[in-house]
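Worksheet: one structure, shown below.
Bear in mind these aren't lab numbers, they're just calculated from the coordinates by the rules spelled out. These numbers were taken from a predicted model, which means no experiment stands behind them. Cβ coordinates were reconstructed from backbone atoms using ideal geometry, including for glycine residues, and neighbour counts include every protein chain displayed.
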Amino acid sequence: MVKEALMTDPTTSAVARPPAQGYRRLDRALDWICVLLMLGATSVVVLQVFCRYVLNASLPWPEEAAQFLFVWAVFLGMALLTFRDRHIAISLFVPKMGAVWQHHHAAFLRVMNVIACVILVIHGIDFMNRALQVLPALRIPLKYLFMAVPVGGAVALIFMTAPLKGRAWWSGLAALAAGIAGYFILKAGGGALFGEASSTTILMVVTLGLIFAEVPIVYALVLGSFAGLTPLPPLMLVTITQNMSGALNSFTLLAIPFFILAAAVMNAGGITVRIVDLAYHLVGHFRGGLGQANIVTNVMLAGVSGSSTADASATAKLLVPQMEKHGYDRAFSCALTAAASTLANMIPPGLGLIIYAALASVSVGALFVGTIVPGLMVALALSLVVWLISVRRGYGGHTDRSTGAVRWRAFWLATPALCLPVIIVGGVRFGIFTATEAGAIAFVFALFCGALIYRGLTIDNLSEAFREAVEDTVAVAVIIAAASPFAWILTFEQAPQKIAAWLGALTGNAFYLLLLINLFLIFVGLFIEMIAALVILVPILVPVVVAAGVDPLQFGIVMVMNLVIGALTPPLGVLVFTTARVGGAPSTAVFRAILPFIGMQLVVLVLVTMIPQITLLPIRWFGP
């Protein structure tokens, strides 16, 4: 998987990698440590599946071991992404600033990041020392799991001693000192600074303010949670690190790195190319054939990767040049690729669905079954737009229909890749394995196909795929971790109940409630990427809709459909920026070209909202 949000490009950031050899060596060492930890987590889950179904004897410790390794990989990776300036952040204003203001902003970001990491170190150590429990299967003290938070924060602080770009060698140390001082000032004077404001108000204002100031979302959430807790007794501050480590100590969330690893190996091993080839031979002769092939490719890739940005990047590299070569407008090609890549989160095993299931405590398997029909409806809607535009502009329709022999050969070559979605959905549906175990099996299967069937994997491209997958996993997972104390404070302050009462006063009708929430989610999607929005809003909105009689499974699918549309709209528009960058088209032209596709997705969204049977009947008929 590539990131579900706009990442800061380290080559253009005002915070550059320092030339010091020591930082580079630490970066490389930490990189491989994180890769080995993530591969270790994958291996023990695969071992569990092997023992259960081949040896008929389940082991007691693999789940705990995998979660332990995952937590350590994420928090060490957090430090790595801090050094590389690759944390997810909303980029709105900085590119438009002058050079002087960009330097000031870089110093501001460094100080904010330092304060957040100092919070993780100090209160992480405090919580670690309070932990007296032992992991029941591994018999390891639980404090060694919680130790990952302060260690990750400490390593990030080491990286942040690096000088800022264009500044003196001591600029990093000065920012470090300013951040440490800022932590103690905020801790001592937070109550007086925020006055009589409630913790919820402080939390929301500080967090959203920092996010729009382009502070990395993970650190904005940590700082917002800290600010919200400062008026309360000091002991409450340990809940930040307690919730962060506890949020990732989840077997369900392990599905995220496993599917990301599978997608990375697919791209490196040449599996994606076979899927594109099959799609072209199936529909390439139709009006707008290459556009239709783009959609079919994304449908098939969605059943394997679960990552919209991974699919957008892969298909843009392969199809946009070919579409332009055959007379398609480049901006249209990039817009179609961006719109079609949203299918990765609407067709199993979409990562947005997995995250929602973990946060809302609903069945992942049921979500997988329930989202198939809405996902295919979106694919058909996009196909209709392609056909209409192609008729008007004269795109495609001049390619000869592939012969049966050619189609059969393309299908045969793609068969191993096409088996994977069947294995994933079927295995989860019939209870053969969990969604997390399905992710581990998907990774092993992709590795097998890439190495032994397609023979596209080499040591170099495989190691690069591993490193990219770990970076992408960490970028997502740390936001989930940091959003946990955010959600805890909201729950502690009874914010969901208050919102439910307010919405109930507006309307008692479930349909009108969903309509209001749809409008709200579309607005949120303009500014906040899907994963961050899910982890912030699911704890607030799910109790509200359940109280109104809405099925949480239907709401999960509606919520994910809303938020992926936000990845197509400015100012965030991460999928548009991804395809525009890869395809070499102006992003403004791509945003204009994508409007018809967004319109059709909104039509499908309204249908799925109005007719719950679209999602619920398949669950009742085929669900777990």
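Summarising the label geometry, the points placed 7 Å from Cα in the beta-carbon direction at Thr491 and Phe520 lie 1.9 nm from one another. With neighbour counts taken as other beta-carbon atoms within 10 Å, the residues Arg392, Arg167 rank, fewest first, as Arg392, Arg167. Between the Cα long axis of helix 495-506 and the first principal axis of the chain there is an angle of about 60°, rounded to the nearest 10.
With viscosity 0.692 mPa s and temperature 37 °C, the Kirkwood radius over alpha carbon pairs of segment 238-300 converts through Stokes-Einstein to a diffusion coefficient of 228 µm²/s. All alpha carbon pair distances within segment 242-348 were sorted into 10 Å bins beginning at 0; the resulting P(r) in whole percents reads 15, 44, 25, 10, 5, 1. Any idea how far the Cα center of segment 475-504 sits from the one of segment 505-555, in Å? What the calculation gives is 13 Å, centre to centre. Work from the charge dipole of the chain (Cβ charges, +1 for Lys and Arg, -1 for Asp and Glu, about the Cα centre) and give the residue of Gln497, Ile531, Leu237 farthest towards its positive end. Working it through, the farthest residue towards the positive pole turns out to be Ile531.
Set the Förster radius R0 to 30 Å, insert the Cβ-Cβ distance between Leu59 and Ile459 as r into 1/(1 + (r/R0)^6), and round the FRET efficiency to 0.05.
On the way: r = 31 Å, r/R0 = 1.02.
Computed FRET efficiency for Leu59 and Ile459 comes out at 0.45.
Quote the relative contact order of segment 283-388 in percent (integer), defining contacts as alpha-carbon pairs under 8 Å separated by 6+ residues. Contact order relative to length: 32 percent. If you average the alpha carbon positions of segment 234-300 and of segment 380-437, how far apart do those two centres end up, in angstrom? Comparing the Cα centres of segment 234-300 and segment 380-437, I get a distance of 16 Å.
Please state the relative contact order of the chain as a whole percent: Cα pairs under 8 Å, 6+ residues apart? Could the numbers behind the result be given before it?
On the way: 1098 pairs, mean separation 123.5, N = 624.
Reported relative contact order: 20 percent.
Helix 99-130 and the longest principal axis of the C-alpha atoms of the chain enclose an angle of approximately 70°. Start at zero, step by 10 Å, and the Cα-Cα distances of segment 21-249 spread as 8, 28, 32, 21, 8, 3, 0 percent across the bins. Relative protection proxy for 178-184, 308-314, 83-89, from highest mean packing down: 308-314, 83-89, 178-184 (other beta-carbon atoms within 10 angstrom).
Going by the alpha-carbon gyration tensor, a ≥ b ≥ c the square roots of its eigenvalues, is segment 436-490 rounded (a/c under 1.5) or, if a/c is not under 1.5, prolate (a/b greater than b/c) versus oblate?
Numbers: a/c = 6.99, a/b = 2.38, b/c = 2.94.
Oblate.
Per-residue Cβ neighbour counts within 10 Å put Ser463, Ser199 in the sequence Ser463, Ser199, beginning with the fewest.
Using a 10 Å cut-off on Cβ atoms, rank the peptides 464-476, 334-346, 153-165 from the highest mean neighbour count down. All intermediate terms of the calculation are to be shown ahead of the outcome.
Details: 464-476: 23.4, 334-346: 31.1, 153-165: 20.2.
Packing order, densest peptide first, comes out as 334-346, 464-476, 153-165.
The long axis of helix 148-159 is offset from the longest Cα principal axis of the chain by roughly 90 degrees. Extension gain for Ser198-Ile432 works out to 79.5 nm (0.36 nm per residue, less the C-alpha to C-alpha distance). Each of Leu47 and Trp502 was given a label point 7 Å from its Cα along the Cα-to-Cβ line. The distance between the two points is 5.0 nm. Labels on offer are (1) 250; (2) 153; (3) 170, and the one holding volume of the Cα convex hull per residue in Å³ computed from this structure is (2).
Using the alpha carbons of segment 109-150, what is the convex hull volume per residue in cubic angstrom, as a whole number? Don't skip to the end; give the middle numbers.
Working: hull volume 2.0 nm³, N = 42.
Normalising the Cα hull of segment 109-150 by residue number yields 48 Å³.
Among the trypsin sites (Lys or Arg not before Pro) in segment 98-162, those placed in a DSSP loop whose Cβ has at most 14 other Cβ atoms within 10 Å are Arg139. Each residue in Val385, Val149 was given a count of other beta-carbon atoms within 10 angstrom of its own, and listing them fewest first yields Val385, Val149.
Based on the mean of other Cβ atoms within 10 Å per residue, sort peptides 354-364, 609-619, 185-195 so the most packed one is first. Don't jump to the answer; show the numbers that get you there.
Details: 354-364: 22.2, 609-619: 17.3, 185-195: 13.7.
Listed from highest to lowest mean packing, they are 354-364, 609-619, 185-195.
Remark: relative contact order (segment 21-249) = 24 percent; criterion is Cα-Cα distance under 8 angstrom and separation of 6 or more residues.
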